[in-house]
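Below is one structure, written out as structure tokens; comments come after it.
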Number of protein chains: 4
Amino acid sequence: MSTGVWLIGARGSVAVTSMIGALATRAGIAEPTGCVLESPALRHHALPGLGDLTFGGHDVCVLTLAKKAAALAEAGIVPAAVVRAVEDELAAIEADVLPLPEGGTQADTALAIAADLDAFRERHSLDRVVVINVSTTEPAPPPHPAHHDLDVLRDALACPEPVLPASSLAAYAAFLAGCPYVDFTPSTGARLPALAALARERGLPYGGHDGKTGETLVKSVLAPMFAQRHLKVRSWSGVNLLGGGDGANLAHPDANAAKARSKQRVLAETLGYTPQGDTRIDYLEELGDFKTAWDLVTFEGFLGTSMRMEFTWHGCDSALAAPLILDLARLTSAAHRAGRVGELGELAFFFKDPLGEVPHALADQWRELLAFAASVAQPDASR
Amino acid sequence: MSTGVWLIGARGSVAVTSMIGALATRAGIAEPTGCVLESPALRHHALPGLGDLTFGGHDVCVLTLAKKAAALAEAGIVPAAVVRAVEDELAAIEADVLPLPEGGTQADTALAIAADLDAFRERHSLDRVVVINVSTTEPAPPPHPAHHDLDVLRDALACPEPVLPASSLAAYAAFLAGCPYVDFTPSTGARLPALAALARERGLPYGGHDGKTGETLVKSVLAPMFAQRHLKVRSWSGVNLLGGGDGANLAHPDANAAKARSKQRVLAETLGYTPQGDTRIDYLEELGDFKTAWDLVTFEGFLGTSMRMEFTWHGCDSALAAPLILDLARLTSAAHRAGRVGELGELAFFFKDPLGEVPHALADQWRELLAFAASVAQPDASR
Amino acid sequence: MSTGVWLIGARGSVAVTSMIGALATRAGIAEPTGCVLESPALRHHALPGLGDLTFGGHDVCVLTLAKKAAALAEAGIVPAAVVRAVEDELAAIEADVLPLPEGGTQADTALAIAADLDAFRERHSLDRVVVINVSTTEPAPPPHPAHHDLDVLRDALACPEPVLPASSLAAYAAFLAGCPYVDFTPSTGARLPALAALARERGLPYGGHDGKTGETLVKSVLAPMFAQRHLKVRSWSGVNLLGGGDGANLAHPDANAAKARSKQRVLAETLGYTPQGDTRIDYLEELGDFKTAWDLVTFEGFLGTSMRMEFTWHGCDSALAAPLILDLARLTSAAHRAGRVGELGELAFFFKDPLGEVPHALADQWRELLAFAASVAQPDASR
Amino acid sequence: MSTGVWLIGARGSVAVTSMIGALATRAGIAEPTGCVLESPALRHHALPGLGDLTFGGHDVCVLTLAKKAAALAEAGIVPAAVVRAVEDELAAIEADVLPLPEGGTQADTALAIAADLDAFRERHSLDRVVVINVSTTEPAPPPHPAHHDLDVLRDALACPEPVLPASSLAAYAAFLAGCPYVDFTPSTGARLPALAALARERGLPYGGHDGKTGETLVKSVLAPMFAQRHLKVRSWSGVNLLGGGDGANLAHPDANAAKARSKQRVLAETLGYTPQGDTRIDYLEELGDFKTAWDLVTFEGFLGTSMRMEFTWHGCDSALAAPLILDLARLTSAAHRAGRVGELGELAFFFKDPLGEVPHALADQWRELLAFAASVAQPDASR
């Protein structure tokens, strides 16, 4: 089942790493480490395969994929030999990475985006195209009445004043073009009532938000541990030091606040109360594409005894996020094929701030993911 | 349902903390923090309550419970005010803490132990008595043919040469007296075919081994996280610094080796392969009843990128273990009432080295525990 | 040589711990751990002894010393037995802890403070009184012309509008009363040209600022290590989690900024350049009088190889600061006796943000301290 | 002043990194980061320069320097571009790296080694040659009477039975050839009375032992900090995880014990007492040329308050050791020129287990190094 993967932010580190990794894995020169669908528990499912994916996307940046790949190799994020091995195929993707349409009203822009999606699908005779947002985090948009009603939104988009943030305009355009949409960032994306209505109208599924690749992933297994052992978490404080473009962006107080809230949510949801402490995000250019997180947890045992735990996570964001992009494209494509409409809560395993009323403990999300993958896999087909 | 809790090692830190905690909690002057059965997910079950427990036990040590309690308060493990509040009830337990029988053949000793158990049950009109081993860790015993056959064992016990280590003799005596047996230590206990046969013959359940209270607990949630994300763990190294009597004992190379093996088992079982690295146990007197563990995990993501995680756990062994003793007494008593016979694999949640073919991921153990608690709870009774 | 120690903030944790510790140490029931002047390298000097100190002070708070001592014992900062042993002597200090004068112009307040100092000296027939500020950190005051000229300042103090922050008014009053002044906080204190002029006029020494008790202390030995090995520090990021009153106060952005700047100064001074990274201060009530700091240092070796170091410091602020208060009182008293006037740069060993052009590497500060102690010790007297 | 650097273990990681680094630095394509003599405090001294060094050595291994350099680049220890830039000069060194002489008596071997040294000096018209041992750590040799007396040693070397370990035989041969000797490993080297006598007889200086590049370096600044603050260190425990050949070798219990003792020595020497705790060395292949050390320090402040500090060091052994080899060659050459004879205690700054009665605090070693460099620099010459 041929699936297009249309990446908003297609020239960024995560996007290009996911392209290189998919190409290298299907060429048999790399292991699919980090690809959840390739783990023993899931790889037997008849889902679209890594070989069924065709890449394209939009970006405001103009750096070529080849140059980005070289920069990733230089930074030690992908091996130089792998980049050399896939350079021809990567260059072939270049023609499908377009500048983000602009000018005119937001309605005009949405039509132009949708036209790009349609053309991509046609050009490669794809069964379907999944749009995935991996661009940098936006600040939360000011509230607007058009966000709550699809008809009001349609009218408002035709006016000169913009009403949707870029991530939501992309979701709107994706739905116009009949494409599922997934938001890997904490941005607004499809998370507006008017867009939910559009997705239902077009019979499309969508997923998000905010890929869970480090500190929050760890929290989503440690917090349930404390809860199950009935230990009382008194405080949970964290600091995240991020380099890269995302770090610089998140160091901005507005984006920081949104992200930090999203990162503490797992505690309240799994512990049933909110311990003291905050999560900080600081930019540290020197770390490049890596991030280092340190968390301190103080907790109380029997008869009030004070105890403590610390952890340090030193991870490469692209190496952790890129394989999940491939998983999300494959699962969302299968969900679309299977007729799933609306928010895909069963993708909570992948996200810090998942859509819907869903469990926040990783183990529960894992079980939901297993059931979901089974339900959307094609029962009688080899993939 | 009145339940006796007979502790082998009744004058040790874990045992006395569990007594003080049970007394304080039922007096309403302490929260049942750390008691798994008192967590929101489990506390509605009709299991024997904290108020239904009566304590007794054996110990080779002669320090009074009152003096041990004072030492625990001095060390900051239990609040001095709590000790004062329960001192009369604690003193009342003193009469039920007996010296460990000795002299004669092991058959004689077993009969003497069983007689103590019978007398305890009679004296307090208990419905049943659960024997729990919380004494210090033994080295693994040399193999002996009597371990494999109950009849051979019975004959051998009557000879002057000892054939069973102390923990197994205690299990044998418990079964003679019709009592379930739980081993909270890594010692052999009931883990011999001859003793399993005896438990079946007498219709008794048993559980173990090696309470999971720190580093291994954390491993049992982190290792599944890496597996579910299909990240490859290259190495997992740990060091455990322990004070207290257990630390001194485990620093002995034989006990150390057994314990260290038990602590790495969770990795192979949940990852499906064994990463490089060892777990060390070192004695550090100054830590007292606390232990500090440090673990380094190196792992590989997409396209081979190297990443790493470290954690430090600083926990008080007694404060973590004592409430689990109460949980195990209550659950095992309920299992006995419900007619369960043989090894209780569903107690794997509590143990580093659980009996039976059971899951090693904490989340899976938790689900098994929930089902087990429901199945052994009295359906139509308020507890 | 009898020395009065007049503490601004005499009812706070640091002040009361220093009183309890001095009383307990001279009673022989506690070791002078943490008292630098009692270390083997310094204890032979003929400086005022712990037994020569008499305590008094000002505070806006009204909690009795006895109640504060009980709270410190409850929090595990001082042993309850020690508090009981010195309770009579502590109660005797109560009469010398006065409310901070207020009302009228700042000139009036200064005279009232100075009168309290004179009365204290007379009452106890003290050779001299050292004023030490251990109250909470102030925000930096707005600039004012009176700060730069003593005559202008004298006129301005007589006006209804306040021109000096509380710490500087205390320094002014101390100098009026002929007392040396030490600032253990990052507040302004004597660090104004007009006050320096007054100190010179009266022939008085003064010291500060900001007691070095944790993360910065560690930085002051690690940063020189990197410099001496000619390793290039790329980034140095830190987070400080503080409970207690000081934590709540420092979490305020203004105080935070001042403190954080003071904490990074040691890097530029000892490395010769400023690496990337910031120091954060966050309030975490649960930590009480303890603070936990985590620092990440990334550095570069031969041929650009990236390396890293992390440290966690978990210290009790009062237990670290209180003995230094005693050291500073003794050294400053001796300096006064020896005729030293103006800023005491040789006390840099004790401070994050020392006065004067002084070394910032701890080892260099230590050598200056050794020389200073020798120079102000009474050559021919037993202390 | 032309100086030969003769490396025992010339094909190992440290040796080859030092060659590449010296070549790259003098070609101006790399910074001398990590070279102590190039730091601002020392670089003005008229010592032999990086450009004055000529490399050669012995090794039992036959891997070419070019292949070793490629492996170092592959492992990320030296940049591939740097290796390419110096490949011709590195190849030119190949002719001076000889197999270690063997066969015959140890006297024969020593003569053969000395002949190689003489030929190297002649071939390149060198003013002097410094022999530096960077081969793998030996177990401590069994005691032998010949170790204590030079005449007895000379006789014993002529017998068929070996009496000296390899490192000591190398030192003996170096002295025969009139070359100073430095031991960068914990092996015995020149640390035998008979060899000290030979060095004196020939008027030669020597230095060692055991390059200080990680955990012990940090200890040598933290331990003095605790001592100067008069804080009582209760325990200091450490674990070192090492990959590479050195790790495999040190994991052997005998080598491990020697190294671990050497690593704790700094504590007793700087604190004045020995705290509880041990230092462990474990082999972890996956770390390659990197090592990760974790240390836990528990300490006591005023009135017995318990506090703690942890640090993690993640360093690349070659990147830390290689520049120190260059420093040691330059300093020892200058010492020889200046007529220094016998053990060079002033090189303690570089070593875990320095020769002589020397300070163990890094700051004191640094001051001695500054004075030493000044004393052996050529006063009236540009270098």
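We did not get these values from a lab; they are worked out from the coordinates using the rules stated. Owing to the predicted nature of the structure, the values given are computational and were not obtained by experimental measurement. Cβ placement follows ideal geometry from the backbone for every residue including glycine, while neighbour counts extend to all protein chains displayed.
Please determine, in degrees from 0 to 90 and to the nearest 10, the orientation of helix A:65-74 with respect to the longest principal axis defined by the Cα atoms of chain A, where the helix direction is its Cα long axis.
The angle comes out at about 30 degrees.
How far is helix A:193-202 tilted off the main Cα axis of chain A, in degrees rounded to 10, range 0 to 90?
Relative to chain A, helix A:193-202 is tipped by roughly 50 degrees.
Fewest Cβ neighbours within 10 Å first, please rank D:PHE302, A:PHE226 accordingly.
Going from sparsest to densest Cβ surroundings: A:PHE226, D:PHE302.
What is the helix-to-structure angle for D:362-376, meaning the angle in degrees between its Cα long axis and the longest Cα principal axis of chain D, kept from 0 to 90 and rounded to the nearest 10?
30 degrees
Just the Kirkwood number for segment B:215-315, please: inverse of mean 1/r across all distinct Cα pairs, in Å, one decimal.
One decimal place: 14.1 Å for the Kirkwood radius.
Give me the distance in nm between label points sitting 7 Å out from Cα along the Cα-to-Cβ direction at C:ASP151 and B:TYR273, one decimal.
Inter-label distance under the simple model: 8.4 nm.
Once the other residues with Cβ under 11 Å from the Cβ of A:VAL36 are scored (Lys, Arg +1; Asp, Glu -1), what is the net sum?
Details: positive: A:ARG43, A:ARG330, B:ARG229; negative: A:GLU38, A:ASP327.
Spelling it out: positives minus negatives among the neighbours equals +1.
What dipole magnitude, in Debye to the nearest 20, does the protein assembly as shown give about its Cα centre under +1 on Lys/Arg Cβ and -1 on Asp/Glu Cβ?
Computed about the Cα centre, the dipole is about 0 debye.
Let me check I've understood the local charge: for C:PRO101, count other residues with C-beta under 11 angstrom from its C-beta, Lys and Arg +1, Asp and Glu -1. What total comes out?
Computed value for this residue: -3.
Run the simple label-point estimate for A:ALA374 and A:ARG261 please: 7 Å along Cα→C-beta, distance reported in nm.
Inter-label distance under the simple model: 3.7 nm.
When the dipole is taken about the Cα centre of chain A, and only Lys, Arg (+1) and Asp, Glu (-1) are charged at their Cβ, what size is it in debye, to the nearest 20?
The calculated dipole for chain A is roughly 960 debye.
How far is B:ALA75 from itself in the other copies, in nm, if each label sits 7 Å out from Cα along the Cα-Cβ line, shortest first?
Here the equivalent label points are 2.6, 4.4, 5.0 nm apart from this one.
For D:TYR273, D:TYR283, what ranking results if the residue with the fewest other Cβ atoms within 10 Å of its Cβ goes first?
Lowest to highest Cβ neighbour count: D:TYR273, D:TYR283.
In nm, give the distance between the simple-model label positions of C:ALA95 and C:SER2, each being 7 Å from the Cα along the Cα-to-Cβ direction.
Result for the modelled spin labels: 1.3 nm.
Could you state the number of Å between the C-alpha centres of segment A:174-227 and segment B:169-203?
52 Å
Hey, what D do you get for chain C in µm²/s if you plug the Kirkwood alpha-carbon radius into Stokes-Einstein at 37 °C and 0.692 mPa s?
So the translational diffusion coefficient is about 154 µm²/s.
Out of D:PRO205, D:VAL376, D:LEU176, whose Cα points farthest toward the positive end of the dipole of chain D (charges: +1 Lys, Arg; -1 Asp, Glu; placed on Cβ)?
Checked the options; the winner is D:VAL376.
Scan chain C and report its longest stretch carrying no GluC sites (Glu not before Pro) that are both in a DSSP loop and have at most 14 other Cβ atoms within 10 Å.
Segment C:103-356 is the longest.
Counting only helical runs of four or more DSSP H residues, what would the 222 nm mean residue ellipticity of the protein assembly as shown come to if each run contributes -39,500 (n - 2.57) and the total is spread over all its residues?
-13000 deg cm²/dmol
Which lysines does C:LYS232 reach when only Cα atoms under 27 Å apart count, and residues fewer than 8 places away in its own chain are ignored?
A:LYS291, C:LYS212, C:LYS219, C:LYS259, C:LYS263, C:LYS352, D:LYS68, D:LYS212, D:LYS219, D:LYS263, D:LYS291, D:LYS352
Show me, for segment A:286-298, the HN-Hα J-couplings you get by feeding each phi into the Karplus relation (A = 6.51, B = -1.76, C = 1.60, θ = phi - 60°), rounded to Hz, glycine and proline as x.
4, 6, x, 7, 8, 9, 10, 10, 10, 10, 10, 10, 10
Tabulate in residue order the Karplus-calculated ³J(HN,Hα) for segment C:27-34, using 6.51 cos²θ - 1.76 cosθ + 1.60 with θ = phi - 60°, rounded to whole Hz; enter x for Gly and Pro.
Couplings: 7, x, 9, 8, 7, x, 4, x Hz.
Based on the alpha carbon coordinates of segment C:1-83, what radius of gyration and maximum Cα-Cα distance (Dmax) apply, in Å?
13.4, 40
What is the gain in length, in nm to one decimal, between B:GLU285 and B:ALA158 on full extension, counting 0.36 nm per residue of separation less the C-alpha to C-alpha distance?
41.7 nm
Tell me, rounded to the nearest percent, the portion of alpha carbon pairs in the protein assembly as shown spaced more than 60 Å apart.
So the portion of pairs separated by more than 60 Å is 27 percent.
Using Cβ counts within 10 Å as a stand-in for footprinting exposure, how do C:LEU100, D:LEU326 rank, fewest first?
C:LEU100, D:LEU326
Report the net charge of residues surrounding C:GLY203, where surrounding means a beta-carbon distance below 14 angstrom and charges are Lys +1, Arg +1, Asp -1, Glu -1.
Values: positive: C:ARG128, C:ARG200, C:ARG202, C:ARG337, C:ARG340; negative: C:GLU201, C:GLU343.
That sum, taken over residues with Cβ under 14 Å, equals +3.
What span do the alpha-carbon atoms of segment D:1-43 cover on each of the three principal axes, reported in whole Å from largest to smallest?
Here the spans come out as 31, 23, 17 Å, largest first.
How much of the DSSP bridge set in the protein assembly as shown is antiparallel, in percent, rounded to the nearest 5? Walk me through the intermediate numbers first.
Details: 102 of 218 bridges.
Counting only bridges with both partners in the protein assembly as shown, antiparallel ones make up about 45 percent.
Please list, or write none, the aspartates and glutamates whose alpha carbon is within less than 12 Å of the alpha carbon of C:LYS67, excluding same-chain residues fewer than 8 places away.
Correct list for C:LYS67: C:GLU87, C:GLU94.
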